[in-house]
Amino acid sequence: MVKKNEIKKIGFIGIGLMGKPMANNLIDSSYSINIWNRTKDKANDLIDKGAKWFDSPQELAKNSDVVITMVTNSKASKQVACGENGILKGAHKGLILIDMSSIEPEMSRYIAKKAKEKNVSMLDAPVTGNPVVAKKGKLGIMIGGNEETFKKCKQIFNILGEKLVYVGNENGNGTTLKLINNLILGVAIMASAEALVLANKAGIDPQKVIDITSVGGARTGAMETRGPRMIKRDFSPHFSTNNMYKDLTSALNLAESINVTLPTTSITREMLKGPIANGEGDMDSAIIMTLLENMAKTFIEPRK
């Protein structure tokens, strides 16, 4: 419950697969929620639940203590924060901006610089998890930016996530850690898909791979979450191929800027071009398995 004299009005921008359950959890925790989304229809059920709609990020910011953004990419984050009718156009004393989108670290630093010019404190706080995890309020959240601002917003973060990792006083640290996290996930999904395709071609039930890797050193969250879905050929998006490609590209750009070599990440990103070229970019990145199947001339399906 919201305590007296604490943050009360939260603006939420980006009512998508992740944003909607996050905003809903804040409503359930007795915060007054203001919302804006490019498509108003996606926010109707939250409006019915008591959220207040505003016609622009600027107007939303004028009427909020904290504004959270959860949008698609760096371009969208820049637009809603710094663009015409953006959040910073509605800046006022004490306003806090929390960007929870998965964007490039340099964009986080750019937005933070523009926010500082308006005396707005900004945190970059991307998340790890999926819509089901978001609904349960059990996201992992990586936060970069001013420590006092982080402490002031910690109650909000505790509603949205169960694992908070404060990465330091520099903006961009949170988004950098998110790229590193997603690098591991992307490579692990690729490795899991390779293992299942290899097993299937060798005549071993792919389910046996999931069974044995549930213990021991080969255990991975990627196999546990994506493995069963790959066998069932369920590629509904938990983390889309487009978004994984975007994040691996950002990780490679970061690595190049600081002279770090990421060969496995590079190969994984190149392989993701296949599903994207096939028009499957909106499907879960686990769909990379189908490309590997085609190359191996094998087909995975559930066995009795």
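Since every read-out is calculated from the coordinates, none of them should be taken as a lab result. Fair warning: this is a prediction, and the values are worked out from it, not measured in the lab. Cβ coordinates were reconstructed from backbone atoms using ideal geometry, including for glycine residues, and neighbour counts include every protein chain displayed.
Brief remarks follow.
- Virtual paramagnetic centre 7 Å along Cα→Cβ of ILE204, amide N under 15 Å, in region 250-275: none
- For the chain, the share of DSSP beta bridges that are antiparallel, to the nearest 5, is 15%.
- Environment charge of ILE231, counting only residues whose C-beta is closer than 10 Å and scoring Lys/Arg +1, Asp/Glu -1: +2
- Local net charge near ILE103, Cβ-Cβ under 15 Å (Lys/Arg +1, Asp/Glu -1): +2
- Trypsin sites (Lys or Arg not before Pro) within region 207-274: DSSP coil, no more than 12 neighbouring Cβ in 10 Å: ARG219, LYS232
- Relative contact order of region 66-136, taken over Cα pairs closer than 8 Å and 6 or more residues apart, is 34 percent.
- If you look at the Cα atoms of the chain, you get an Rg and a Dmax of 20.4, 66 Å.
- Stretching the chain fully between ILE258 and LYS52 yields a gain of 69.8 nm (0.36 nm per residue, less the alpha carbon separation).
- Extension gain, LYS8 to ARG219: 0.36 nm times the residue separation minus the Cα-Cα distance gives 71.7 nm.
- Extension gain, ASN158 to SER266, is 35.4 nm, computed as 0.36 nm per intervening residue step minus the present C-alpha separation.
- Scanning the chain for long hydrophobic helices, with DSSP H runs required to stretch 15 angstrom or more by C-alpha along their axis and to average at least 0.0 on the Kyte-Doolittle scale, returns 173-201.
- Convex hull volume of region 9-171 per residue (C-alpha atoms, cubic angstrom): 93
- Over the chain, relative contact order from alpha-carbon pairs under 8 Å, at least 6 apart, %: 13
- In terms of other Cβ atoms within 10 Å, ARG303, ARG109 run from fewest to most in the order ARG303, ARG109.
- Label-to-label distance, nm, for residues given as GLU106 and GLU194 (7 Å Cα→Cβ offset): 3.0
- Proportion of all alpha-carbon pairs of region 158-199 beyond 14 Å (%): 64
- Ranked by the mean number of other Cβ atoms within 10 Å of their residues, highest first, the peptides 192-198, 160-166 fall in the order 192-198, 160-166.
- Exposure proxy ranking for MET142, MET70, based on other Cβ atoms within 10 angstrom of each Cβ and starting from the fewest, stands as MET142, MET70.
- Each residue, LYS42 and LYS304, gets one label point 7 Å from its Cα in the Cβ direction; the gap between the two is 4.4 nm.
- Max mean-square fluctuation residue, GNM over the chain, Cα-Cα springs under 10 Å, options THR69, THR128, THR225: THR225
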